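S.K.: Got a structure for you, written out below as structure tokens; questions coming shortly.
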Amino acid sequence: MPDSETGGYSDYLTEPALQESPVSAVPAAPGRRLVLLVFIIALLVALAALASSASRWKKEVIVRDFIVDGVSIIPERELLSRMADYKGANLQELDADELKQRIKRLPYLRDAVISKELNGIVRVKVVEREPVALAIIGRSTMVIDREGFLLPWRKEVAIRFPDLFSIARVSRLTIADNGLQQLDRRDVALILQFLDALSKSDYARLLVKEFHLAANNLSWCIAVQAPTRFIIGNDGNFKEKLKKFEIFWQKVVSKKGFGFYDTVDLRFKERIFTTQSSPPEAQVGSNPVIIRQE
């Protein structure tokens, strides 16, 4: 067949076919973009409306109640009474730092973590001070915490810490920023070292009942049923000294009985110096007792 005939027929078939594809595809892309744009705008409007509504709702939420966690010494009612004025206040405007400072006036409260919940509940996680010993000051008994603060005696302390050791002759005190009296840091370190060694001893912890602070390396302790002063000093090595105390108690006190000695000096290596409980004119210096630790 001649080209003239086939060419005309071919053009008639192919040209419209080539033109249909772009004509039908072009309108589809702008349509999809338009729908997507409308959807995004609608979503942003909805989110903005939701945020605005949530903001208005938050401003209307009030403090309904307080939930306290972590108390064992501080009575919960005492803590709640400190926060009662904030009940009914706007939750969003509640100043957590201000509330914390208000409740930290309680002597046994060391720290607190305050969180606000959207249902109007304020949760208070309490960190209490840790009692480590009792302080005998005149006729009063107070509690010493791990940082050396003096705290008022409470029956809750006796329930939770029934075996607190007694510290006498507490004298070096300062007023801390929180208004509490605090022991000198050197005395605090000395007490903690002694208590740690005492807790790890074989049976000295069952015999020693009081620790007396004294200057010039003369701090001493007394044991149950015995008025004797066991001088252990202020220079540490309490583990070794308490071991010597145990040996002396086994080998000497158990045989001679309580009250035979006025002082027993445990500060020297492999020797213990003693003075007997007798009239001054009958005493001639100190009597050394040589011991060897097994």
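S.K.: What pairs in LYS200/LYS251; LYS87/LYS155; LYS125/LYS155; LYS155/LYS269; LYS125/LYS243; LYS155/LYS241 have C-alpha atoms more than 31 Å from each other? Provide the component values of the computation, followed by the final result.
M.R.: Details: LYS200/LYS251 21 Å; LYS87/LYS155 29 Å; LYS125/LYS155 22 Å; LYS155/LYS269 42 Å; LYS125/LYS243 42 Å; LYS155/LYS241 33 Å.
Long pairs (Cα-Cα over 31 Å): LYS155/LYS269; LYS125/LYS243; LYS155/LYS241.
S.K.: Using a simple spin-label model with points 7 Å from Cα along the Cα→Cβ vector, what separation in nm is obtained for LEU192 and ASP97?
M.R.: Inter-label distance under the simple model: 2.8 nm.
S.K.: Given points 7 Å out from each Cα along the Cα-Cβ axis, report the ALA89 to GLU147 separation in nanometres with one decimal.
M.R.: 2.3
S.K.: Order the peptides 90-96, 247-253 from the highest to the lowest mean number of other Cβ atoms within 10 Å of their residues.
M.R.: Details: 90-96: 13.7, 247-253: 16.3.
Descending mean neighbour count gives 247-253, 90-96.
S.K.: To continue, here is another question. How big is D, in µm² s⁻¹, for region 116-182 by Stokes-Einstein at 37 °C and 0.692 mPa s if Rh is the Kirkwood radius over C-alpha pairs? Please report the intermediate quantities before stating the final value.
M.R.: On the way: Rh = 13.7 Å.
Here the translational diffusion coefficient equals 240 µm²/s.
S.K.: Give me the extension gain from LYS116 to VAL61: residue separation times 0.36 nm, minus the current Cα-Cα distance, reported in nm with one decimal.
M.R.: 18.7 nm
S.K.: Hey, with R₀ at 22 Å, roughly what FRET efficiency would GLU270 and ASN216 work out to, going by the Cβ-Cβ distance, to 0.05? Don't jump to the answer; show the numbers that get you there.
M.R.: Numbers: r = 23 Å, r/R0 = 1.04.
Result of the calculation: an efficiency of 0.45.
S.K.: Å³ per residue of the Cα convex hull, for region 131-290?
M.R.: On the way: hull volume 20.6 nm³, N = 160.
That works out to 129 Å³ per residue.
S.K.: Give me D for region 65-128 in µm² s⁻¹, whole number, from Stokes-Einstein with Rh from the Kirkwood sum over alpha-carbon pairs, 20 °C and 1.002 mPa s.
M.R.: 182
Every read-out reported here was derived from the displayed coordinates using simple, explicitly stated rules and does not represent laboratory data. Worth saying up front: this structure is predicted, and the values here are computed from it rather than measured. Positions of Cβ are generated from backbone atoms using ideal geometry, with glycine treated the same way; all protein chains shown enter the neighbour counts.
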